[in-house]
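Enquirer: The structure's right below; bear with me while I get my questions together.
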Amino acid sequence: MRLFVVISNKQNMRRYKNQSANRISQHKHWFYWWATRLLLERVTYFCATRNEQDGTPGRTLQIEFSRRKDLKRREFTDYFTRLWAQANKPFLAKRCVDWSVFDFQNVHFHDHHTRAGLQFADVVASAFYQAVNTHPHGTCCSDYGRLLLPRVYRPTGRSALDEGFTVWPYSLAEIGLTENQKEIFRCYGYPEARLGKRAARSQSSTGV
């Protein structure tokens, strides 16, 4: 089993509008699909690499989402079809989905309680949520996220950063993370310089 995590600071998105994107798509959950893209860029790379190693060409992913009334399969298909049509030359081209392991016919939406895999994904998401979001008393807990370190994907000889553990936007120096919040990022190899200066004891907490 390999785990992939995308952590996003949503505070800098307040009142943000992308007029260019709005002209192309009116999807309500555009950020959700963007974060899914970040995740699938890394997941498909890992799976394509495993196909090469295992001699299993043609093997593809089965992608499963929790069914929600406001989350539409057609929105997913529309977003990723547009991405596919760009022939791996997207506007933001740091990484690309590996289409050799991606099958539009093998994307499914299930009731959450019927799929153990979806429930396990929540366990992973919750572990990292607890690590970066402060409780009312001003602390957070990185213990669960740290326990998952051996299962979070990392290429041989490299750290998990920007592979199994992705932060977007990359620099967190300006948002005033507490020392408690920084623990999980340090655990996964995040550069100290991009975490910002050491926080004073009296500094207020910041949610991510």
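The values are calculated or read from the model by the stated rules, or taken from the named source; none is laboratory data. Bear in mind the structure is a predicted one, so any value in this text is a computation, not a measurement. Here the Cβ positions follow ideal geometry from the backbone for every residue, glycine too, while neighbour counts run over all protein chains shown.
Enquirer: List the number of the failed condition for ARG82; all other conditions in (1) free of Cβ contacts under 8 Å to residues at least 60 places away in the same chain; (2) over 20 Å from TRP33 (Cβ atoms); (3) surrounded by fewer than 15 Cβ atoms within 10 Å (Cβ to Cβ) hold.
Expert: (2)
Enquirer: I would also like to ask the following. Tell me whether the range 86-97 contains one or more residues that are assigned to a helix (DSSP H, G or I), in contact (Cβ under 8 Å) with a residue 24 or more places away in the chain and in contact with a helix residue (DSSP H, G or I) (Cβ under 9 Å, 6 or more places away or on another chain). If you could, list the steps in order and put the result at the bottom.
Expert: First, the residues of the range 86-97 that are assigned to a helix (DSSP H, G or I): none.
No - not one qualifying residue is present in the range 86-97.
Enquirer: If you check every pair at least six apart or on different chains, which have Cβ atoms under 8 Å apart with a residue in the range 166-186 that is within 21 Å of ASP143 (Cα to Cα) first and a residue that is modelled with pLDDT of 95 or more and of a type in the set (Ser, Thr, Tyr) second?
Expert: These pairs meet every condition: ASN180/SER142; GLU183/SER142; ILE184/SER142.
Enquirer: While we're looking at this one, here's another question. Do we find a residue being modelled with pLDDT under 90 and in a loop (DSSP other than H, G, I, E, B) anywhere in the range 149-157?
Expert: Yes, the conditions are met somewhere in the range 149-157.
Enquirer: Out of the range 155-177, which residues are over 15 Å from PRO191 (Cα atoms) and buried (at least 19 other Cβ atoms within 10 Å of the Cβ)?
Expert: Within the range 155-177, just GLY164 meets the criteria.
Enquirer: A further question follows. Could you tell me which of the residues LYS72, LYS94 is exposed (fewer than 13 other Cβ atoms within 10 Å of the Cβ) and on the phi < 0 side of the Ramachandran plot?
Expert: Numbers: LYS72 fails: exposed (fewer than 13 other Cβ atoms within 10 Å of the Cβ).
Going through LYS72, LYS94 in turn, just one is exposed (fewer than 13 other Cβ atoms within 10 Å of the Cβ) and on the phi < 0 side of the Ramachandran plot: LYS94.
Enquirer: Here is a follow-up. Is it fair to say PHE128 is surrounded by 15 or more Cβ atoms within 10 Å (Cβ to Cβ), on the phi < 0 side of the Ramachandran plot, in contact (Cβ under 8 Å) with a residue 60 or more places away in the chain and not in a loop (DSSP other than H, G, I, E, B)?
Expert: yes
Enquirer: Please go through the range 98-108 and pick out each residue that is surrounded by fewer than 17 Cβ atoms within 10 Å (Cβ to Cβ) and in contact with a helix residue (DSSP H, G or I) (Cβ under 9 Å, 6 or more places away or on another chain). Full working, then the answer.
Expert: Step one: filter the range 98-108 for residues surrounded by fewer than 17 Cβ atoms within 10 Å (Cβ to Cβ), giving 99-100, 103-108.
Once the filter is applied, which keeps residues that are surrounded by fewer than 17 Cβ atoms within 10 Å (Cβ to Cβ) and in contact with a helix residue (DSSP H, G or I) (Cβ under 9 Å, 6 or more places away or on another chain), the range 98-108 yields TRP99, SER100, PHE104, VAL107, HIS108.
Enquirer: Then there is this: Starting from the range 5-24, keep only residues that are among the hydroxyl-bearing types (Ser, Thr, Tyr), then list their pairs with residues that are surrounded by 11 or more Cβ atoms within 10 Å (Cβ to Cβ) and modelled with pLDDT of 65 or more whose Cβ atoms are within a distance under 6 Å, requiring at least 6 positions of separation or different chains.
Expert: Cβ pairs passing all conditions: SER8/TRP168.
Enquirer: Considering only the range 161-201, how many residues are basic (Lys, Arg) and in a helix (DSSP H, G or I)? Explain how you work it out, then say what you get.
Expert: Start the filter on the range 161-201 by keeping residues that are basic (Lys, Arg), which leaves 182, 186, 194, 197-198, 201.
Within this subset, residues satisfying the condition of being in a helix (DSSP H, G or I) are 182, 186, 194.
Selection size over the range 161-201: 3.
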